[in-house]
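Asker: I have a structure here, written as structure tokens, and I will follow up with some questions on it.
The values are calculated or read from the model by the stated rules, or taken from the named source; none is laboratory data. Predicted, not measured: the structure shown is a model, and the values here were computed from it. Cβ placement follows ideal geometry from the backbone for every residue including glycine, while neighbour counts extend to all protein chains displayed. Note: accessible area is taken over every heavy atom of the protein model, side chains too, but ligands, DNA and RNA are not part of it. Shrake-Rupley method; radii C 1.70, N 1.55, O 1.52, S 1.80 Å.
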Amino acid sequence: NSEIEDYYNKNITGDVRISQIYIKSNIKNSDNELEKKKKEEEALKKANEVIKKLEDKKSWKDLVKEYSDDEATKLNDGDLGFLKATNINEKMNNAIKDLKKGEYTKEPLKTEHGYHILLKTDEKDKPSLKSIKNDIKEKLKTQKLGSSKTISVDTLDLIRKEAKVEFKDDKLNAAYNKYLNTIRDNLNKK
């Protein structure tokens with residue numbers, strides 16, 4: 001429960017409406033490392049130019065039309081619509097959560113295929129913890145399952161401890177712990 005509350009306090013905002021200017025890096029699978037690096041640097045430079053123009057009070061709408069590589073949102077001033085707080089990935093959430101309405105990211109957000117400059121155009125009130133508790137639980141479960149190779153063994157051990165199953169025989173206890181550690185080691189090698 002405290003883990004859920006902690007996640008809620010740190011990561012959940014109200015649903016947010018975001019617009020973006022997307023700068024594609026145009027990297028191809030066939031590019032060598034040097035070509036990939038060069039294209040990545042060019043995209044970052046272009047994204048930083050856009051931010052500089054925003055700082056110089058250039059119009060968001062004009063910059064979307066001139067620079068954005070996202071054809072789907074380009075015609076609508078980069079609008080992504082309202083995004084549910086529990087559906088926003090952590091990287092994007094960290095970039096936008098402290099923005100006030102009308103503010104844009106001062107650093108380009110790097111993703112797999114390029115860079116995004118994000119503008120928060122609207123924000124709804126934060127949903128109650130009660131209303132999204134299950135969503136947060138699922139998100140935390142997914143994160144834990146994805147990050148731990150040994151979760152099945154760790155869970156088995158935790159269940160044994162919570163059930164207060166103890167080994168009175170020292171040799172059996174040592175053998176059990178050795179067995180679990182061998183499994184953990186093998187899983188971590190994969």
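Asker: Can you pull the accessible area of ILE159 for me, 1.4 Å probe, Å² to the nearest 10?
Answerer: The accessible area of ILE159 comes to roughly 100 Å².
Asker: Order the peptides 59-65, 5-11 from the highest to the lowest mean number of other Cβ atoms within 10 Å of their residues.
Answerer: By packing density, highest mean first, the sequence is 59-65, 5-11.
Asker: With angles folded into 0 to 90 degrees, how steeply does helix 170-189 sit against the dominant principal axis of the chain? Use alpha carbons for both and round to 10.
Answerer: Taking Cα atoms only, the helix is inclined about 20 degrees.
Asker: Right, something else. Most fluctuating residue of LEU54, LEU140, LEU158 in a GNM of the chain with Cα springs under 10 Å: which is it?
Answerer: Looking only at LEU54, LEU140, LEU158, the biggest GNM fluctuation is shown by LEU158.
Asker: Give, rounded to the nearest 20 debye, the magnitude of the charge dipole that segment 34-190 has about its Cα centre when Lys and Arg contribute +1 at Cβ and Asp and Glu contribute -1 at Cβ.
Answerer: Approximately 560 debye in magnitude.
Asker: Go through SER25, ASN186, ASN48 and say which Cα lies farthest out towards the positive end of the charge dipole of the chain; charges sit on Cβ, +1 for Lys and Arg, -1 for Asp and Glu.
Answerer: Farthest towards the positive end: ASN186.
Asker: Also, I was wondering about something else. Excluding ASN89 itself, what net charge comes from residues whose Cβ is under 13 Å from its Cβ, given Lys and Arg +1 and Asp and Glu -1?
Answerer: Overall, the nearby charge balance is +3.
Asker: Ignoring ligands, DNA and RNA, please state the percent of accessible area on segment 1-88 from carbon and sulfur, probe 1.4 Å.
Answerer: Reported share for carbon and sulfur atoms: 46 percent.
Asker: Here's another thing I want to ask about it. What does the net charge come to around GLU33 if you take all other residues with beta carbon closer than 14 Å to its beta carbon, with K and R at +1 and D and E at -1?
Answerer: Once positives and negatives cancel, what remains is +1.
Asker: Relative contact order of the chain: what whole-number percent is it, with Cα pairs under 8 angstrom and at least 6 residues apart?
Answerer: 30
Asker: Please calculate how many Å² of accessible area the chain carries per residue, with a 1.4 Å probe and no DNA, RNA or ligand atoms counted.
Answerer: For the chain, the solvent-accessible area averages 68 Å² per residue.
Asker: How much net charge surrounds TYR67 when only other residues with a Cβ under 11 Å from its Cβ are counted (Lys, Arg +1; Asp, Glu -1)?
Answerer: Here the charged neighbours net out to +1.
Asker: Another question about this same structure. With a ≥ b ≥ c taken as the square roots of the eigenvalues of the C-alpha gyration tensor of segment 1-74, please select rounded if a/c is under 1.5 and otherwise prolate if a/b is larger than b/c or oblate if it is not?
Answerer: oblate
Asker: If I ignore ligands, DNA and RNA and count only protein heavy atoms, how much of LYS110 is accessible to a 1.4 Å probe, in Å² to the nearest 10?
Answerer: The accessible area of LYS110 comes to roughly 90 Å².
Asker: Give the ranking of THR155, THR150 by solvent-accessible surface, highest area first, calculated with a 1.4 Å probe.
Answerer: Output order, biggest surface exposure first: THR155, THR150.
Asker: Given R₀ = 41 Å, what would the calculated FRET efficiency be for SER131 paired with LEU180, taking r from the Cβ atoms and rounding to 0.05?
Answerer: That pair, SER131 with LEU180, gives E of 0.55.
Asker: Here are a few candidate values for Rg/Rh (Cα atoms, Kirkwood Rh): [x] 0.95; [y] 1.15; [z] 1.11. Which one was actually calculated from the structure I just gave you?
Answerer: Among [x] 0.95; [y] 1.15; [z] 1.11, the one derived from this structure is [y].
Asker: Between 0 and 90 degrees, rounded to the nearest ten: what's the tilt of helix 151-162 against the longest Cα principal axis of the chain?
Answerer: That helix lies at roughly 50 degrees to the long axis.
Asker: For segment 128-190 and segment 58-76, what is the separation of their Cα centres, given in Å?
Answerer: 48
Asker: Determine which lysines satisfy two conditions relative to LYS141: a Cα distance under 16 Å, and not lying fewer than 8 residues away in the same chain.
Answerer: Candidates past the 8-residue exclusion: LYS133, LYS149.
Asker: Also: Taking +1 at the Cβ of each Lys and Arg and -1 at the Cβ of each Asp and Glu, which of ASN173, ILE159, ILE136 sits farthest along the dipole of segment 111-190 towards its positive end, judged by Cα position relative to the Cα centre?
Answerer: It is ASN173.
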